[in-house]
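Participant: Before I ask anything, let me first share the structure, which is written out below as structure tokens.
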Amino acid sequence: MSLEKVRKINGRSVYVPGNDIDTDRIIPARFMKCITFDGLGEYLFYDVRKDLDGNDKNHPLNEPRYFGASVLISNANFGCGSSREHAPQALYRYGFRAVIAESFAEIFFGNCCALGIPCVVATQESIKSLTELISVVPETEISIDVVNSEVCAGDLKFAVNIPSGAKEALMNGKWDPIEELQEAEEPIAHLVTELGYLKRS
Amino acid sequence: MAKNLFQKVWDAHAVRVLANGQTQLLIGTHLIHEVTSPQAFGMLRDLGIKVKYPERTFATVDHIVPTDQREQPFSDPLADAMIKELAKNVEEFGITYFDLSTGKQGIVHVVGPEQGITQPGTTIACGDSHTATHGAFGAIAFGIGTTQVRDVLATQTIALGKLKVRRINVEGSLRPGVYAKDVALHIIALLGAKGGIGYAYEYGGSLFDSFSMEERMTVCNMAIEGGARCGYVNPDQKTFDYLKGRPYAPSDDDWESVVDKWKSIASDPDCAYDDIVNISAEDIAPTVTWGVSPDQGFSIEGKIPDPMEQTDENERLSIQEAISYMKLEPGQPIKGTKIDVAFLGSCTNGRLSDFREVAKYIKGHKVSPDVKAIAVPGSQIVDAIAKQEGLDKIFSDAGFEWRAAGCSMCLAMNPDKLVGDQLCASSSNRNFKGRQGSPTGRTILMSPVMVAAAAVSGKVSDAREIFQFDAV
């Protein structure tokens with residue numbers, strides 16, 4: 001299995017403001033009644049994007065000037081709440097390839113990483129400057145340099161934090177760990193026996 | 001060197017360090033349900049991989065099951081497809097399944113402890129963020145995504161970065177009318193919904209020592225609402241007594257040696273923590289939420305905050321957004337807010353002790369005619385014992401509908417849903433926008449006894465004023 005080395009993400013962006021944007025908001029639970037992840041992109045942020053009749057509401061994702069954005073920007077604790085991988089799956093299927101926020105909920109962060117979606121942490125000030133720029137010049141091309149932990153947009157350039165485990169995994173194309181995990185078959189079997197409780201009847 | 005429980009369990013389960021610096025961690029016990037597992041089994045099939053240790057995965061069905069009409073096929077074809085898919089997967093891969101016909105089905109976080117599957121010193125993972133519940137037994141238990149569910153099925157391990165440990169000491173006793181749920185909500189309000197990012201929470205102090213296992217589960221359950229991926233309590237005699245004799249607990253022959261091992265994994269008295277927080281139990285009030293994040297909570301005497309008093313712009317926006325969604329006004333007391341629905345149940349508060357406690361107070365009271373009230377046991381076993389004790393009758397006589405076991409209105413992936421902008425007094429764990437099934441539905445989190453007080457009075461109330469606490 002050869003995975004893409006996620007070293008740089010380039011694209012336009014959209015800002016969905018707010019702290020504590022939870023995964024229920026990213027993909028409401030009723031759309032999880034499914035046995036595959038297909039089609040989830042359509043329901044991304046559904047209840048904040050659509051009214052009860054399915055018409056567009058006032059939401060950044062509905063603004064034509066942000067159409068085609070592949071980088072999502074938000075604030076603190078993005079992706080909190082439910083562990084549902086349906087949330088990053090919906091983001092990916094909608095077209096997002098990276099998220100910039102002040103902080104991320106951990107399960108969401110891990111789920112994104114396992115799909116090769118970098119979640120990069122920026123300061124509140126950097127996000128403010130960036131979102132001010134894109135509100136004026138929405139077509140600004142953003143570049144997220146995973147290797148050097150840096151974001152460039154127009155004249156703006158700022159450092160971001162990408163935890164080292166995720167960074168290594170993304171830049172080396174090892175973000176899906178399954179093969180590496182499987183390699184340890186023998187040590188796992190040894191530990192299973194040693195710990196005892198797994199084999200207790 | 002002195003170690004805390006998290007370090008001991010982590011070290012014991014570490015298979016190796018991976019190239020990216022993360023740990024390959026052995027997951028001793030894996031729990032699955034119908035919502036987050038089907039895609040993982042699909043991935044296994046795509047890769048042509050079998051389940052490596054099928055005896056270490058346990059399944060049940062909880063999120064999508066109706067709590068009234070249980071006959072299959074379910075009226076919702078999507079829900080029916082999901083339960084069929086789970087049945088197919090467990091059959092094909094040889095996994096133990098507590099299905100509707102076993103009498104042991106229930107919310108996965110109620111079933112694990114009830115069956116004695118949840119044990120001290122183990123690692124437990126489930127594709128569900130409330131897996132933290134199992135930490136009440138001194139396990140390191142956390143939620144994972146579907147790709148990681150696949151990893152556990154395929155290898156019994158996942159790749160994970162090590163967490164820091166924050167000790168939360170709560171000393172003293174709770175005042176009458178204050179419960180474990182209030183402790184959970186108080187801690188979250190104090191430390192924030194993101195306060196726990198990067199941490200495991202170790203709950204301790206004399207309050208936790210005095211807590212029953214079910215009270216400990218209620219607090220650990222909501223660790224994730226405070227941003228902590230897992231929360232735990234060190235195991236003690238109560239833990240061992242709870243587990244003894246349960247179906248999956250160690251046999252009598254092994255019991256003494258296993259208990260010795262369990263005792264040895266508790267945090268050493270002189271161990272270090274990355275952070276320590278001290279709370280006095282007497283300072284905790286009956287606590288309710290007012291917003292759309294579980295940390296937007298305060299005492300029942302609280303008044304809705306004024307966003308204009310916030311200096312941080314994002315915080316101001318959060319408060320504005322929350323009170324606009326909740327249709328509340330700055331300065332308005334939360335007490336007296338009219339409710340439409342009362343929900344008792346969920347993996348936070350759907351255990352026997354929750355229903356027993358509420359039953360003590362609602363005898364002789366009636367649910368307000370304007371309120372729809374449902375009581376949903378967390379498992380078929382909770383349901384059966386409650387019925388033996390006549391609790392179902394007490395609830396029905398008071399005007400609650402007594403339902404069958406499942407997640408019900410906590411996340412409304414089943415027919416139990418709010419309608420329109422109904423306001424629900426809820427014993428569940430999340431007050432997110434739309435969480436209870438209606439895109440405009442509103443939730444106020446509180447303890448089960450406070451839910452009962454709201455149901456009876458038709459509005460958010462202080463249970464101590466509605467019920468006679470001294471008399472019980």
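The values are calculated or read from the model by the stated rules, or taken from the named source; none is laboratory data. What you see is a predicted model, and the numbers here were worked out from it, not measured in a lab. All Cβ positions, glycine included, derive from the backbone under ideal geometry; neighbour counts span all protein chains shown. When the accessible area is computed, the model is the full protein with side chains, heavy atoms only, and any ligands, DNA or RNA have been set aside. Shrake-Rupley method; radii C 1.70, N 1.55, O 1.52, S 1.80 Å.
Participant: Measuring from the lowest to the highest alpha carbon on each principal axis, how far does the range B:193-290 reach, largest first, in angstroms?
Facilitator: Result, largest extent first: 50, 30, 25 Å.
Participant: Still on this structure: For the range A:1-71, calculate the relative contact order in percent as a whole number, restricting contacts to Cα pairs under 8 Å that are 6 or more residues apart. Intermediate values should be presented prior to the final figure.
Facilitator: On the way: 53 pairs, mean separation 29.5, N = 71.
In percent, rounded to a whole number, it is 42.
Participant: Given all pairs of different Cα atoms, what value in angstroms does the Kirkwood hydrodynamic radius of the range A:1-94 take? Display every interim value, and only then the final one.
Facilitator: On the way: mean 1/r = 0.0699 Å⁻¹.
Computed over Cα pairs of the range A:1-94, the Kirkwood hydrodynamic radius comes out at 14.3 Å.
Participant: Then there is this: If you project the alpha carbons of the range A:8-175 onto the principal axes, what extent comes out on each, in Å, largest first?
Facilitator: Projected onto its principal axes, the Cα set of the range A:8-175 covers 42, 36, 23 Å.
Participant: Excluding ligands, DNA and RNA, what is the accessible area buried between chains B and A, summed over both sides, using a 1.4 Å probe, to the nearest 100 Å²?
Facilitator: Working: alone 18080 and 11020 Å², together 23530 Å².
In total, this chain pair buries about 5600 Å².
Participant: Next question, about the same structure. Can you pull the three principal axis extents for the Cα set of the range B:316-399, in Å, largest first?
Facilitator: 50, 26, 17
Participant: Across 10 Å bins from 0, what is the distribution of all Cα-Cα pair distances for the protein assembly as shown, in whole percents?
Facilitator: In order of increasing distance, the bins hold 3, 16, 28, 28, 18, 6, 1, 0 percent.
Participant: Related question: What are the residues whose amide H is under 5 Å from the amide H of residue A:104, where those residues sit 5 or more places off or on another chain and H is modelled from the backbone?
Facilitator: A:77, A:78
Participant: Taking each residue of B:137-146 in turn, how many C-beta atoms of other protein chains fall within 10 Å of its C-beta, and what is the average?
Facilitator: Working: counts 0, 0, 0, 0, 0, 3, 7, 6, 16, 9.
Average per residue, whole number: 4.
Participant: So what is Rg over Rh here for the range A:39-78, counting just Cα atoms and using Kirkwood for Rh? Spell out each step's value before the answer.
Facilitator: Numbers: Rg = 11.1 Å, Rh = 11.4 Å.
My calculation puts Rg/Rh at 0.97.
Participant: Round to a whole angstrom and tell me the spacing of the C-alpha centers of the range A:140-179 and the range B:84-130.
Facilitator: Taking the Cα centre of the range B:84-130 as reference, the centre of the range A:140-179 is 37 Å away.
Participant: Between helix A:124-136 and chain A, what is the angle of the helix's C-alpha long axis to the longest principal axis, kept within 0 to 90° and rounded to the nearest 10?
Facilitator: Tilt relative to chain A: about 50 degrees.
Participant: From Cα pairs below 8 angstrom and at least 6 apart in sequence, can you work out the relative contact order of chain B, rounded to a whole percent?
Facilitator: Values: 1115 pairs, mean separation 80.3, N = 472.
Computed over chain B, the figure is 17 percent.
Participant: Then there's this: Within the P(r) computed for the range B:5-264, what percentage of the Cα pairs occupies the region above 22 Å? Write down the numbers at each step before the final one.
Facilitator: Values: 18959 of 33670 pairs.
Value for the range B:5-264: 56 percent of Cα pairs lie more than 22 Å apart.
Participant: Then there's this: How big is the range A:91-199 in terms of Cα radius of gyration and Dmax, in angstroms?
Facilitator: Final numbers for Rg and Dmax: 18.4, 62 Å.
Participant: Using alpha carbons only, how many angstrom separate the centre of the range B:161-221 from the centre of the range B:283-328?
Facilitator: Comparing the Cα centres of the range B:161-221 and the range B:283-328, I get a distance of 21 Å.
Participant: Considering only protein heavy atoms and a 1.4 Å probe, what is the carbon-and-sulfur percentage of the accessible area of the range B:287-466?
Facilitator: On the way: 2970 of 5870 Å².
Ligands and nucleic acids excluded, carbon and sulfur give 51 percent.
Participant: Do you know which residues of the range B:53-70 lose at least 50 square angstrom of accessible area in the protein assembly compared with their chain on its own, with a 1.4 angstrom probe?
Facilitator: Listed by number, the residues meeting the 50 Å² cut-off are B:53, B:56.
Participant: With θ taken as phi - 60° and the coefficients 6.51, -1.76 and 1.60, list the Karplus ³J(HN,Hα) couplings across the range B:188-201 in order, rounded to whole Hz; mark glycine and proline as x.
Facilitator: Working through the residues one at a time gives 5, 5, 5, 9, x, 5, 10, x, x, 4, x, 10, 9, 9 Hz.
Participant: Given a Förster radius of 56 Å and the C-beta distance between residue A:50 and residue B:397 as r, what FRET efficiency does 1/(1 + (r/R0)^6) yield to the nearest 0.05? Write out the running numbers ahead of the final one.
Facilitator: Values: r = 43 Å, r/R0 = 0.76.
Result of the calculation: an efficiency of 0.85.
Participant: Which residues does the label zone of residue A:172 cover in the range B:14-43, counting backbone N under 15 Å from a point 7 Å along Cα→Cβ?
Facilitator: Backbone N within reach: B:16-24.
Participant: For the range B:154-240, what's the radius of gyration and Dmax over Cα atoms, in angstrom?
Facilitator: In order Rg, Dmax, the Cα atoms of the range B:154-240 give 13.7, 49 Å.
Participant: Let me ask something else. With the convex hull built on the Cα atoms of chain B, state its orientation-averaged projected area in nm².
Facilitator: Values: hull surface 90.6 nm².
Over every viewing direction, the Cα hull of chain B projects on average to 22.7 nm².
Participant: Quick check: at a probe of 1.4 Å, how many percent of the accessible area of the range A:87-201 sits on carbon and sulfur atoms? List each step's numbers first, then the result.
Facilitator: Working: 2360 of 4770 Å².
Carbon plus sulfur share of accessible area: 50 percent.
Participant: Expressed as a whole number of Å, what is the distance separating the alpha-carbon centroids of the range B:366-391 and the range B:1-49?
Facilitator: Their Cα centres are 36 Å away from one another.
Participant: Is it possible to state the helix-based mean residue ellipticity at 222 nm for chain B, with each DSSP H run of 4+ residues giving -39500 (n - 2.57), the sum divided by total residues, to the nearest 500 deg cm²/dmol? What is it?
Facilitator: Numbers: 17 runs with 160 residues, N = 472.
Per the formula, -9500 deg cm²/dmol.
Participant: Enumerate the amide H contacts of residue A:98 below 5 Å, restricted to partners 5 or more residues apart or on another chain; note that Pro and chain-start residues carry no placed amide H.
Facilitator: Result for residue A:98 returns A:72.
Participant: Let me ask something else about it. Please list, in order along the range B:157-165, the HN-Hα scalar couplings obtained from phi with the Karplus expression 6.51 cos²θ - 1.76 cosθ + 1.60 (θ = phi - 60°), rounded to whole Hz, x for Gly and Pro.
Facilitator: 9, 9, 9, 8, x, 6, 9, 7, 10
Participant: Which value in nm describes the separation of the simple spin-label points at residue B:366 and residue A:185, placed 7 Å from the Cα toward the beta carbon?
Facilitator: Each label point lies 7 Å from its Cα, and together they span 6.9 nm.
Participant: If you place +1 on the Cβ of every Lys and Arg, -1 on the Cβ of every Asp and Glu, and leave all else neutral, what size is the dipole of the range B:146-198 about its Cα centre, to the nearest 20 Debye? Could the numbers behind the result be given before it?
Facilitator: Numbers: 8 positive and 3 negative charges, 29 e Å.
Approximately 140 debye in magnitude.
Participant: With a cut-off of 8 Å between alpha carbons and a minimum separation of six or more residues, what is the relative contact order of chain A in percent? The partial results should precede the final answer.
Facilitator: Details: 365 pairs, mean separation 50.4, N = 201.
Answer for chain A is 25 percent.
Participant: Also, quick follow-up: Sum up the charges of everything whose Cβ sits under 14 Å from the Cβ of residue B:374, counting Lys and Arg as +1 and Asp and Glu as -1, but leave residue B:374 out.
Facilitator: On the way: positive: B:372, B:403, B:417; negative: B:68, B:340, B:354, B:383, B:392, B:401, B:416.
Result for the neighbourhood of residue B:374: -4.
Participant: Can you tell me the accessible area per residue over the protein assembly as shown, all protein chains present, probe 1.4 angstrom, in square angstrom?
Facilitator: On the way: 23530 Å² over 673 residues.
Heavy-atom accessible area per residue stands at 35 Å².
Participant: In Å, what Kirkwood hydrodynamic radius results for the range A:39-106 from the alpha-carbon pair distances? Please report the intermediate quantities before stating the final value.
Facilitator: Values: mean 1/r = 0.0780 Å⁻¹.
After inverting the pairwise mean of 1/r, the radius is 12.8 Å.
Participant: On to the next question. From the mean inverse distance of alpha carbon pairs (Kirkwood) and the Cα radius of gyration, derive Rg over Rh for the range B:287-466. List each step's numbers first, then the result.
Facilitator: Details: Rg = 16.0 Å, Rh = 16.2 Å.
My calculation of the ratio gives 0.99.
Participant: Holding the Cα-Cα limit at 31 Å, pick out from B:194/B:335; B:303/B:360; B:162/B:261; A:128/B:8; A:50/B:104; A:33/B:261 the pairs that are longer than that. All intermediate terms of the calculation are to be shown ahead of the outcome.
Facilitator: On the way: B:194/B:335 27 Å; B:303/B:360 29 Å; B:162/B:261 23 Å; A:128/B:8 42 Å; A:50/B:104 40 Å; A:33/B:261 42 Å.
Going by Cα-Cα distance, A:128/B:8; A:50/B:104; A:33/B:261 fall outside the 31 Å limit.
Participant: Sticking with this structure for a sec: Label-point separation (nm) for residue A:125 and residue B:11, each offset 7 Å from Cα along Cα-to-Cβ?
Facilitator: 4.1
Participant: Over the Cα atoms of the range A:2-47, how large are the radius of gyration and the largest Cα-Cα distance (Dmax), in Å?
Facilitator: 14.2, 37
Participant: Also, quick follow-up: Using the beta-carbon distance between residue B:55 and residue A:63 and R0 = 56 Å, what value does 1/(1 + (r/R0)^6) give for FRET efficiency, to the nearest 0.05?
Facilitator: Numbers: r = 53 Å, r/R0 = 0.94.
So, using R0 = 56 Å, E works out to roughly 0.60.
Participant: To the nearest 500 deg cm²/dmol, what mean residue ellipticity at 222 nm is calculated for chain A from DSSP H runs of n ≥ 4 alone, each contributing -39,500 (n - 2.57), summed and divided by the residues? Mind showing how you got there, number by number?
Facilitator: Working: 8 runs with 64 residues, N = 201.
When only DSSP H runs of four or more count, the value is -8500 deg cm²/dmol.
Participant: Out of every Cα-Cα pair in the range B:27-132, what percent are more than 16 Å apart? Let's see the in-between values first.
Facilitator: Working: 3180 of 5565 pairs.
The answer is 57 percent, as a whole percent.
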